[in-house]
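Undergrad: Here it is: the structure, laid out below.
Throughout, read-outs are computed from the coordinates displayed, never taken from laboratory work. Quick caveat, the model's predicted, so the values are computed rather than measured. Here the Cβ positions follow ideal geometry from the backbone for every residue, glycine too, while neighbour counts run over all protein chains shown.
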Amino acid sequence: MGDDGLFDVEDQQKARTDSVDLSSDTSLVVDISDALSERDKVKFTVHTKIPPPPPKPDFDASREKLQKLGEGEGTMTKEEFQKMKAELEAEYLATFKKTVAMHEVFLQRLAAHPTLRTDHNFRVFLEYKQALDVRGRNKKEKFGSLVKLVTKSVDEVLVTGQKDVDPFFERERTFVVEYHNKVKDSTARSDRMTRSNKQIADTYIRVSSGLNALATLEKSDLDNAEAIPESARFFIKVSEMFEKLRKVEARVATDADLKLSDLLRYYMRDTAAAKDLLYRRMRSLVNYQNANKALEKARAKNKEVQQAEKNQEEACNKFEKLSEVAKQELTDYKTRRVAAFKKNLVELAELEVKHAKTQVQLLRNTIATLKEETP
Amino acid sequence: MADEREPPPLFENEDSSEKSPLEEKTVEADQEVNLNDDANDDLFSDPPLLETSPAEDKPEAEDEDESSPAAEESGGGGGILDDVEVQEEPPKKEEKKEEKKEEEPEKMDEEEEEEMESGDTFDVDITVSDPQKVGDGMGAYMKYTVVSKTSDPSFKSSEMTVSRRFSDFLGLHQKLVAFHTTKGHIVPPVPEKSVVGMTKVKMGKGQEENNSLEFVEKRRASLERFLNRSAAHPKIRANTDFKEFLEKDEPLPKASNTAALSGAGMMRAFNKVMDSASKVVSKMDESDQWFEEKTQHIDNLDQQLKKLHTSVENMVNHRRELSNATAVFAKSCAMLGNAEEHTALSRAISQLAETEENIEQLQSSQAATDFYVLSELLKDYIGLIAAVREAFREREKTFHNWQTAQTNLAKKREQEAKLKSTGKTEKLPQVEQEIKDWQERVEKGQREFEAISKTIRREVNRFETNRVQDFRSVIIKYLESLMEKQQKLIQYWEAFLPEAKAIA
């Protein structure tokens, strides 16, 4: 593929050493330079917002395509097959790159987080030379987490019905919930869009090959005794152009995927995490309120007052700490979100312009050449 | 006129002023082709016709060819001008005719004959428009307005407007095939009957449903191309049925045997099967290498065109999908922009939504172009190739007739010899008469076979020339549309960029 390979070396290097400057203390810079490991779950303390884990890499789509390609080998010409194979490899590479990027961001955020960066598990993860043996969750744990999920959802519904004492948090909650829905929707739509775009790029391969076949026919036509008749040259040129166009189009799709879909997807998860945090705060608020009531009751009955007082104090502390942390996290989240959107949208627009210009150039040249050859 | 249709097919919008430069070049090219090509002897009666879609290059080309090179330069204008020039040029035409005579003496007679027959190289520009649904329910049908503009004096007037329904077109096509294909001419294809498509139209409440609108537009464009291609063919243009179709101001007698489920339709289907059966059984002994190779070439072309057509159809579908996906995304993005609390970001996201909306329009129109420019062209040529095959088959039939006549003649001669040897002379005069008859038939068969072979050679060369020209001009147009789209894309994204940068 030469110079128009899917990933410029420059791009790759940029992605790998991109450090996220979130806190003043940037002594811990995370850099992924090698293959990934699959992580199911990361356990951290509950009182902070956990950056969303990187999604499990989805190579199924590529695998499926590879299989289809193998099956369809008989129906295509050799060139078509090679091209599709190369395209598939490029796609696989793209998915891989995406995955690496996401893992990197995840780890970087952990490193930047004042509390999380000191977590023992995290340190081990970064330092341990040999392969980590992350025990997959056994049945009991899986079932447990499922139950937890259900109870949490139910609880969430109950809790979110409560009005918050603090107008700031009330506003935040409304915003986060709504935003989460919208981002989720946009993510799905964006995915569909970039997928469609990719498909068009793929059909260009067939069109290119079809035109090539027509060119071959012209060459073999009885009346055209010269080396390569002009009409054949015509079709060959158009065929070549489609091939080049396809590469650019595919790149457009990939870039849109990276800059738009992934951006939306990341913030969908991030917003979900924020939502989660707010829920936990609400939960602790409810607990605090319940503890208050229990204390009153105890005082009234004059039974187990000390215990009730202790519970109430604990609940109050927990609640206040959570509120503090939540405020901070939410502010961070907002700043990060705005910055990320800005960066990605600017890059998206720049790339789109770049690719469109390439296509215009390509088309213009081809049209000029073709018009020249009018007999 | 073009504006009312939806979506507007690209080259149907061209007006004559745009045609000239392109035609000048192509006409010169055609002249070269004609002079070099021995088989294409009819420089005048069969002008280099560009079988491009409606009103594009062909009309001018014919006139240019007729007039001398000098007149050609000045004749780059509209069709009417050319008309005048042609009429002043007959003396020059005669000169050229004589030159031609010297070149190919053996083909002289037929050539003259044909020149006198047609002698018309006038332009005919036909538009099919304004589809209207007539009636309701199962009996409903579509009628179209057919407007023909021509400088050809053999037509009733220079501008004619008639109303025709779809079955009229089918009926015309049938008649043309019956008359012309037997002579070896290539009759342009006509859109097929579509039970599904028409049912949608018939059952549709108004004319608002997208599906039936598209179907009608596709059909209208196809009918227009059929008429223009037919008019471009000098023999077909001279056909009285064809003329009547364009001229007669009253409804034509209903072509009842074009109905899908009629008795006549069944007969036709049956005959077709019988035909194909006979094709398989009696393969002609091809002694002419040209025909052998051409048949092969046509078969290959057919195969490749079909494949390419499928790929292009896929491309059209995916583009439509993309257009839908983009529209949906744009809406979702707008909602996200509304939900966003950060002012600058909110604005930027809303701008993104707008940008995507604009892009969706582009994609949608590109899909239409893909379809109407590229996909339909390929489909037309697949249809034309089928017509070429028909012509080839007619030639085979003619050959068999000739052979059969020869066999019978031989039999009769045997019979004669036997009678003579056995001395039974009563039947002799009858047999001798029969021999004369069969002899005539043999001669006729041979003449017809040679005539159709010659015609087909000419037709195929014309077809090939037109095909190359057609593809070239259509593909260039298509690429230009792609380029335009990309340029608009640049515009849209460059407009969005500052908004994105403005996020603070």
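Undergrad: Test of understanding: extend the Cα→C-beta vector of residue A:68 to 7 Å, then name every residue of segment A:232-254 with backbone N under 12 Å from that spot.
TA: From segment A:232-254, the list is empty.
Undergrad: Is there a simple number for the mean count of other chain Cβ atoms within 10 Å of the Cβ of residues in A:337-345, and what is it?
TA: What the average comes to for A:337-345 is 5.
Undergrad: Now, a different point. Percent relative contact order of segment B:139-246, based on C-alpha pairs within less than 8 angstrom and at least six residues apart?
TA: Reported relative contact order: 28 percent.
Undergrad: Binning at 10 Å from 0, report for segment B:378-448 what percent of all alpha-carbon pair distances ends up in each bin.
TA: 20, 31, 20, 14, 9, 5, 1
Undergrad: Can I ask one more? For every other residue with a beta carbon closer than 9 angstrom to the beta carbon of residue B:493, add +1 if it is Lys or Arg and -1 if Asp or Glu, then tell me the sum.
TA: Within the 9 Å Cβ shell, the charges total -3.
Undergrad: Excluding residue B:502 itself, what net charge comes from residues whose Cβ is under 10 Å from its Cβ, given Lys and Arg +1 and Asp and Glu -1?
TA: Here the charged neighbours net out to +2.
Undergrad: Let me ask you something else. Just to confirm my numbers, what's the Cα centroid distance between segment A:176-208 and segment B:371-444 in Å?
TA: Cα centroid of segment A:176-208 versus Cα centroid of segment B:371-444: 64 Å apart.
Undergrad: Further question: Quick check on the exposure proxy: order B:315, B:160 from fewest to most C-beta atoms within 10 angstrom.
TA: Going from least to most buried by this count: B:160, B:315.
Undergrad: Take the Cα radius of gyration of segment A:216-375 and divide it by 2.2 N^0.38 Å, with N its residue count; two decimals is plenty.
TA: 2.23
Undergrad: To the nearest whole number, what is the average tally of beta carbon atoms from other chains within 10 Å of the beta carbons of peptide B:413-420?
TA: Per residue, the number of nearby Cβ atoms from other chains is 0 on average.
Undergrad: Spelling out what I want: for every residue of segment A:362-368, take phi, set θ = phi - 60°, compute 6.51 cos²θ - 1.76 cosθ + 1.60 (Karplus), and round to whole Hz; glycine and proline get x.
TA: 4, 5, 4, 4, 4, 4, 4
Undergrad: Something else: Counting partner chain Cβ atoms within 10 Å of every residue's Cβ in B:317-329, what's the average?
TA: Mean inter-chain Cβ contacts per residue within 10 Å come to 6.
Undergrad: Could you list B:223, B:170 so that the one with the fewest beta carbons within 10 Å of its beta carbon is first and the one with the most is last?
TA: B:170, B:223
Undergrad: Among B:382-394, B:424-436, what's the highest-first ranking by average C-beta atoms within 10 angstrom per residue?
TA: B:382-394, B:424-436
Undergrad: Sticking with this one: Calculate, in nm to one decimal, what residue B:343 and residue B:306 gain on full extension: separation in residues at 0.36 nm each, minus their alpha carbon distance.
TA: 7.9 nm
Undergrad: Same structure, new question: Cα-based Rg (one decimal) and Dmax (whole number) for segment B:368-504, in Å?
TA: 32.1, 119
Undergrad: Rank the residues A:209, B:129 as a footprinting-exposure proxy: fewest other Cβ atoms within 10 Å of their Cβ go first.
TA: B:129, A:209
Undergrad: Can you pull the one-decimal nm distance between simple spin-label points at residue B:196 and residue A:93, each 7 Å off the Cα toward Cβ?
TA: For the pair residue B:196/residue A:93, the computed spacing is 4.1 nm.
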